[in-house]
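The values are calculated or read from the model by the stated rules, or taken from the named source; none is laboratory data. Being a predicted model, the structure only gives us computed values, none of them experimental. A quick note on method: Cβ atoms are made from the backbone with ideal geometry, for glycine too, and the neighbour counts reach across all protein chains shown.
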């Protein structure tokens with residue numbers, strides 16, 4: 001019985017995010033992978049107005065869940081923000097796979113951000 005329980009637990013942990021049920025009463029979970037060399041501040045915003053804010057350290061990956069309903073096409077608004085509240089990057093994306101944040105230092109020592117949005 002313990003072995004069966006362990007197998008079921010591992011299967012649940014390994015289940016892809018695409019299998020999640022989105023919408024009222026179900027949490028919407030997503031992962032952010034930060035490949036930039038600096039910590040980034042991110043916002044994920046649902047159509048229903050719920051917002052998730054995360055600081056993701058350089059070279060790390062974080063998983064977050066929030067209540068709320070994405071748009072009808074299952075997209076959310078994803079933003080990389082400055083510490084002063086300015087939007088540095090924004091897109092509409094699905095959350096069934098990790099959102100990968102890219103960052104590159106420019107010649108003037110500022111940073112330019114991008115993300116793989118789908």
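Residues in the stretch 75-86 that are touching a strand residue (DSSP E or B) at 6+ places or on another chain (Cβ under 6 Å) and either surrounded by fewer than 12 Cβ atoms within 10 Å (Cβ to Cβ) or over 15 Å from residue 39 (Cα atoms) (or both): 4 in all. When residue 32 is tested against the conditions (1) part of a strand (DSSP E or B); (2) surrounded by 15 or more Cβ atoms within 10 Å (Cβ to Cβ); (3) at pLDDT below 90, the lone failure is (3).
Considering every residue within the stretch 97-118, establish whether at least one is surrounded by 16 or more Cβ atoms within 10 Å (Cβ to Cβ), without any contact (Cβ under 8 Å) to a residue 40 or more places away in the chain and under 17 Å from residue 29 (Cβ atoms). There is no residue in the stretch 97-118 that is surrounded by 16 or more Cβ atoms within 10 Å (Cβ to Cβ), without any contact (Cβ under 8 Å) to a residue 40 or more places away in the chain and under 17 Å from residue 29 (Cβ atoms). In the stretch 48-61, the residue that is surrounded by the most Cβ atoms within 10 Å (Cβ to Cβ) out of those that are over 18 Å from residue 116 (Cβ atoms) and modelled with pLDDT of 90 or more is 52. Is one or more of the residues making up the stretch 88-96 under 10 Å from the mean Cα position of the chain (by Cα), outside any strand (DSSP E or B) and touching a residue at least 60 places away in the same chain (Cβ under 8 Å)? Yes, the stretch 88-96 has at least one match.
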